[in-house]
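Notes for the one structure printed next.
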Amino acid sequence: RLVLLVLFWGGWLGMLGAAAAIVAQAPRCQPLPPKAWWELGALYRAPPKAFGGDLKGVAEHLEHLAGLQVGGLVLGPVYPPKPEDPQNA
């Protein structure tokens, strides 16, 4: 039994040493690139009708959106859609 016990712990310590050597020789990760402005906060999408129907109404609500930590505002459609547009259905 003593031989088996020594073999077990010797194998275990050998595998632990091999794992430590693999971790020590592994290549390091590259630093992350700086984030673009659209990755710094959520994008809020709303039609201009939600802000009063025009860009002046949108400008009045920008402080409120900044308080919500919105990173960008996507407005659309700015122009009314054409009746024959298939996406209008």
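Miscellaneous remarks
- Accessible area in square angstrom per residue, region 1-75, 1.4 angstrom probe: 90
- Around the Cα centre of region 1-75, unit charges on the Cβ atoms of Lys, Arg, Asp and Glu (plus for the first two, minus for the last two) sum to a dipole of about 360 debye.
- Largest to smallest principal axis extent of the C-alpha atoms in region 1-75, angstrom: 85, 26, 18
- Taking the charge dipole of region 1-75 about its Cα centre, with +1 at Lys and Arg Cβ atoms and -1 at Asp and Glu Cβ atoms, the residue from Leu2, Pro31, Leu16 reaching farthest to the positive side is Leu2.
- Packing rank of 34-44, 53-63, where each peptide gets the mean count of other beta carbons within 10 Å, highest leading: 53-63, 34-44
- Across the accessible surface of the chain, with the other protein chains kept in place and a 1.4 Å probe, carbon and sulfur atoms take up 66 percent.
The values are calculated or read from the model by the stated rules, or taken from the named source; none is laboratory data. As the structure is a prediction and not an experimental result, all values here were calculated from the model. For neighbour counting, all protein chains shown are included, and Cβ atoms are generated from backbone atoms with ideal geometry for every residue, glycine included. Accessible surface areas use protein heavy atoms only, side chains included; no ligands, DNA or RNA. Shrake-Rupley method; radii C 1.70, N 1.55, O 1.52, S 1.80 Å.
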